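Participant: Have a look at this one before I ask anything.
Rule-based calculations on the coordinates, nothing more; no lab input. Worth saying up front: this structure is predicted, and the values here are computed from it rather than measured. Heads up, the Cβs are rebuilt from the backbone with ideal geometry, glycines too, and the neighbour counts pull from every protein chain shown.
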Amino acid sequence: MPRLTGILKLTGLVAGTVPLAALAWAWETGQLGFMASEALIHWLGNLGLGALLLTLTLSPLSRLTGSYLPLVLRRQAGLWAFAYLVLHALAWSFLDMGGDAALIRSELAEQRHLQLGLLCLVLLAPLALTSFRRAREWMGLLHWLRLHRLVYAAAIGGVIHQAMVQKVLEWPTFLSASILAVLLAYRIIGALRRRPGSAET
């Protein structure tokens, strides 16, 4: 089993690295089209949100299959999500805004979708910083779990941010919203079944 765990972790590392390497290659070779900067920013955001939704999917998948193996990838998927979303924000700041701090502040003050995106990133930062076992032990499991429920708020905000950027319902937003709706329904149903007095035995 330790060997299988190691293989899964290596697989997660490769799965997170390959899209980033592919984007870097596409950028260098001019394959991102006429509006390469915009394409890169959108790709990084979509990949980050996809990794975040994958993170939320792994716990239900573990419960449904009765296997701990999906949980091996959960922390890694979460860190990849945060990394891609940080790169998404940096790409916007430097490629779209030219690294101009005054212009960045002005855009953030005026654009709701940018404010929401920044809020989601801020929510994810403490989760990434406390994703390590020592942080969980230091905080205590109950407090750690409560903090990490913020991931749902970040995911909801991320899907709304994606929809606001696209302005019309395109397939990435439809797919993200559908996955998130299923995950939220699963969590709500599970919480109701665990309530005292539930009909479930």
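Participant: Output the residues belonging to region 120-156 that are small (Gly, Ala, Ser) and touching a residue at least 60 places away in the same chain (Cβ under 8 Å).
Facilitator: Within region 120-156, Ala154, Ala155 meet the criteria.
Participant: Select from region 24-44 the residues that are of a type outside the set (Phe, Trp, Tyr), free of Cβ contacts under 8 Å to residues at least 24 places away in the same chain and either assigned to a loop (DSSP other than H, G, I, E, B) or under 25 Å from Ile160 (Cβ atoms) (or both) and list them in ascending order.
Facilitator: Thr29, Gly30, Gln31, Leu32, Gly33, Met35, Ala39
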